[in-house]
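These notes concern the structure reproduced below.
The values are calculated or read from the model by the stated rules, or taken from the named source; none is laboratory data. As the structure is a prediction and not an experimental result, all values here were calculated from the model. Using ideal geometry, Cβ is built from the backbone for each residue, glycine included, and neighbour counts are taken over all protein chains shown. Remember, those area values only see protein heavy atoms, side chains included, never the ligands or the DNA or RNA. Shrake-Rupley method; radii C 1.70, N 1.55, O 1.52, S 1.80 Å.
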Amino acid sequence: MATSPKTVDVAEYVEAIAAHCPYLTPSVARGLTGWTVYEVRGGAADVEAEVFHAGVRAAEWVRPLATRPHGALVCENVVVLGAGQDALAWPHWVLKHLYGPVGLMFGKFSAGEEKADRHGRRIPAPPVSFLPARVAVRPRDPRLLERTPDLAAAVAVAVDDGRDAFEGMPHGWKEIKEWAHHLLPRQ
């Protein structure tokens, strides 16, 4: 992935999506919403690994800001130009399980993807694919994780005590992805 591609204009999308996220407008108004843009290059495995590492950088940028005034509003969005939905799937899965227990949430939005919120309202389709990393809202966010009850329980009581999110983890994307397979819900 290239780290210095063109910029993206997400202003209209941010304005449209604010109706679905009560924290977005105050976050943007305080300059606490960031967008880092990457451009896909390489094969699928390389792209997944780079998306994962970009997500780690975003998470580690958000973590120390969470305790500052208005820290709960900090959100760093990792935009991945040229990535299909598959390129975000595993990095998102792993990142949310690594960082949920320390109080961070990761979302996953694919360019053009149509969704509805829990009230059935249409969520505007994003113009780019991205992974947002943000501080968890403990009373609300576990509801977003109903398909992963262990993670929901961890997020509900999460406190970032400064621990290394990778403690005891294997090194390298391939090994981390293999570790994450055991977190898949049983069918």
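Some observations on this one:
- Whole-Hz Karplus values for the range 48-60 come out as 4, 4, 5, 4, 4, 5, 5, x, 4, 4, 4, 4, 6 Hz, taken residue by residue from phi with 6.51 cos²θ - 1.76 cosθ + 1.60 and θ = phi - 60°; glycine and proline positions read x.
- Each residue of the range 11-18 is assigned a 3J(HN,Hα), and the resulting list reads 4, 5, 4, 4, 4, 5, 7, 4 Hz, derived from the Karplus form 6.51 cos²θ - 1.76 cosθ + 1.60 (θ = phi - 60°), x at Gly and Pro.
- Using 0.36 nm per residue and subtracting the Cα-Cα separation, the extra length available between VAL137 and ARG41 on full extension is 31.1 nm.
- Prolate/oblate/rounded call for the chain, Cα gyration tensor, a/c under 1.5 rounded: rounded
- The listed peptides 13-20, 46-53, 80-87, ordered by packing as a protection proxy, come out as 46-53, 80-87, 13-20 (highest mean of other Cβ atoms within 10 Å first).
- In this Cβ point-charge picture (+1 for Lys and Arg, -1 for Asp and Glu), the range 10-182 has a dipole of about 560 debye about its Cα centre.
- Element breakdown for the chain at a 1.4 angstrom probe: carbon and sulfur atoms account for 53% of the accessible area.
- Dipole axis of the chain (+1 Lys, Arg; -1 Asp, Glu on Cβ), positive-most option in TRP93, PRO170, ALA72: ALA72
- Normalised per residue, the accessible area of the chain is 55 Å², obtained with a 1.4 Å probe and no contribution from ligands, DNA or RNA.
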